[in-house]
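Asks: Sharing a structure here in structure tokens format.
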Amino acid sequence: PMVLGGPLPHVMAAKAIAFEEASTPEFQAYAARIVDNAQTLAKACIDAGLTVLTDGTDNHLLQIDVTPFNLNGRQAEALLREAGMTLNKNTIPFDSNGPWYASGLRVGTPALTTLGMGSEEMQEIGYVMGNVLTNSRPLKVTKGKNAGQWSKISYKVKDGVLEDAQKRAENLLNRFPLYPELDLEYLQKAFG
């Protein structure tokens, strides 16, 4: 009831496998590393000048309020994506920007932990996020009915900040490749 539903044996089988995996000591250790990484990342973000809601985390996620930078979540998401980081905008409690623009970011550590990253890498990621957001600002709208107001989409980053962030992100991904078993050189020759 409530989880099995109709005649979908493949879904039932998938759940059985997932429950079996989740009951192993290896998975429990992995889950603990995810939480440790999230807590380390939260502290690194706070140290970098970011406002982490709840001043930390007890699970795999943290939420960051980007309004102290006069940015909205959509701008912050785009900035960090341009820097080489994948995360998403998210509403925060009492969000005045609504869900389309949002006022926060949602950051998780499961994928990073799966790649093998640990405390040192979480500190690096927190620093990069803080550096990018601290050195960014929205642009003013120059045309139309909103001329003179702060843009909810466009932004400006200090020279060199994004390039530095991209290099740091690339360094992390080179040390912790997404698919280490793939021979990229071969694939580029064969399909490039």
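The values are calculated or read from the model by the stated rules, or taken from the named source; none is laboratory data. Quick caveat, the model's predicted, so the values are computed rather than measured. Virtual Cβ from ideal backbone geometry, glycine too; neighbours counted across all protein chains shown. With ligands, DNA and RNA removed, areas are computed over all heavy atoms of the protein, side chains included. Shrake-Rupley method; radii C 1.70, N 1.55, O 1.52, S 1.80 Å.
Asks: Just need a number here: residues in the range 81-95 that are assigned to a loop (DSSP other than H, G, I, E, B), open to solvent by 20 Å² or more (accessible area, probe 1.4 Å) and not polar (S, T, N, Q).
Replies: Total satisfying the criteria: 6.
Asks: Could you tell me which numbered condition PHE19 fails, if it satisfies all but one of (1) among the aromatic types (Phe, Trp, Tyr); (2) surrounded by 18 or more Cβ atoms within 10 Å (Cβ to Cβ); (3) farther than 21 Å from VAL161 by Cα?
Replies: Just one mismatch for PHE19, condition (2).
Asks: Something else about it: Of the residues that sit in the range 96-109 and are outside any loop (DSSP other than H, G, I, E, B) and open to solvent by less than 40 Å² (accessible area, probe 1.4 Å), which one is farthest from GLY126 (Cα to Cα)?
Replies: Applying the filter and picking the extreme gives GLY98.
Asks: Output the number of residues of the range 114-144 satisfying the condition of being of a type in the set (Gly, Ala, Ser), under 30 Å from GLN28 (Cβ atoms) and buried (at least 16 other Cβ atoms within 10 Å of the Cβ).
Replies: 1
Asks: Run down TYR179, TYR127, TYR186 and say which single residue is farther than 25 Å from GLY73 by Cβ, in a helix (DSSP H, G or I) and not polar (S, T, N, Q).
Replies: Checking each option against the conditions leaves just TYR186.
Asks: Tell me which residues, restricted to the range 22-41, are of a type in the set (Gly, Ala, Ser), open to solvent by 70 Å² or more (accessible area, probe 1.4 Å) and in a helix (DSSP H, G or I).
Replies: Selection gives nothing.
Asks: Also: Looking at LEU182, is it without any contact (Cβ under 8 Å) to a residue 60 or more places away in the chain and open to solvent by 50 Å² or more (accessible area, probe 1.4 Å)?
Replies: Spelling it out, LEU182 is indeed without any contact (Cβ under 8 Å) to a residue 60 or more places away in the chain and open to solvent by 50 Å² or more (accessible area, probe 1.4 Å).
Asks: Looking at ALA169, ALA147, ALA78, can you tell me which residue is among the aliphatic types (A, V, I, L, M), at pLDDT below 95 and either loosely packed, with under 12 Cβ neighbours inside 10 Å or assigned to a helix (DSSP H, G or I) (or both)?
Replies: The conditions single out ALA147.
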